[in-house]
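The values are calculated or read from the model by the stated rules, or taken from the named source; none is laboratory data. Computed from a predicted model, the values in this text were never measured in an experiment. Note: ideal-geometry Cβ built from the backbone for every residue, glycine included; neighbour counts use all protein chains shown. For accessibility, only protein heavy atoms count, side chains too; no ligands or nucleic acids. Shrake-Rupley method; radii C 1.70, N 1.55, O 1.52, S 1.80 Å.
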Amino acid sequence: MREMRLHKRELHDPEAIKEILEECDVVRIGARDAEGMFIIPVNYGYDFSMSGEAMKLVLFIHGAGEGRKADAFAAFPDVAVEMDCRHGIITGDYTCSYSYSYRSIMGNGTVSRVDDRQEKIYGLTKIMEHMAPGAKIEFSPEALERTAVFCIEVEHFTAKERKRKQF
């Protein structure tokens, strides 16, 4: 993979990366199909872990079991992911010196549909825990039947931060 151009902004601390995963509400998924490329903004749940020096990230999303998104994932499972948070304007001394503060994660992975009932419950639980911490989690058989759950094994990702200027 290509190295990040501005190394000073890259985050390597697992705790900082977990903060980004917690703070962001939406992951944008870059996908493709026979019609071309498109972006899918969705809520998500996640598993994030360390194995030695290696970080492992798995994202869970849900939606309809048919339609453009589901068809694209089945035909072309390679996807790109992006999420960002802590947005803010950084003012400058002149027009083109303005910038933006943020934290982000970008990466590439492989998406697959989760068909096993227990794995679907696990993925949906991860989504609920992320999006509605503390909410009662209970899935009816009908909801499990009609809801598609997808798992994205993020094979490579980077995290980045542009801080606001401190005065």
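Taking 0.36 nm per residue of separation and subtracting the Cα-Cα distance, what length does fully extending GLU145 through ASP33 add?
Full extension from GLU145 to ASP33 adds 37.8 nm.
For the range 1-101, averaging the sequence separation of C-alpha pairs within contact (under 8 Å, six or more residues apart) and dividing by the residue count gives a relative contact order of 24 percent. The charge dipole of the range 34-167, taken about its Cα centre with unit charges on the Cβ of Lys, Arg, Asp and Glu (plus for the first two, minus for the last two), comes to roughly 680 debye. In the context of the full set of protein chains, the chain has a per residue accessible area of 62 Å² (1.4 Å probe). Between the range 89-167 and the range 13-75, the C-alpha centres lie 6 angstrom from each other. Surface composition of the range 1-160: carbon and sulfur make up 51 percent of the accessible area, probe 1.4 Å. With the helix formula -39500 (n - 2.57) applied to DSSP H stretches of n ≥ 4, the chain reaches a computed 222 nm mean residue ellipticity of -7000 deg cm²/dmol. For the peptides 132-138, 30-36, the ranking by mean Cβ contacts within 10 Å, running from highest to lowest, is 30-36, 132-138. Ligands, DNA and RNA aside, HIS87 has an accessible area near 90 Å² when probed at 1.4 Å. Report note on the peptides 157-163, 122-128: ranked by the mean count of other C-beta atoms within 10 Å, highest first, their order is 122-128, 157-163.
SER51 contributes about 90 Å² of solvent-accessible surface, heavy atoms of the protein only, 1.4 Å probe.
Between ALA16 and ALA75, residue separation times 0.36 nm minus the direct Cα-Cα distance comes to 17.8 nm.
Pairs of Lys residues in the chain, spaced 8 or more positions apart or belonging to different chains, with C-alpha separations under 23 angstrom: 17 in total. Applying the criteria of a DSSP loop state and at most 14 other Cβ atoms within 10 Å to the GluC sites (Glu not before Pro) of the range 44-116 yields GLU53, GLU66.
Counting Lys and Arg as +1 and Asp and Glu as -1, what is the net charge of the other residues whose Cβ lies under 9 Å from the Cβ of GLY45?
Details: positive: LYS126; negative: ASP47, GLU129.
Cβ neighbours under 9 Å give a net charge of -1.
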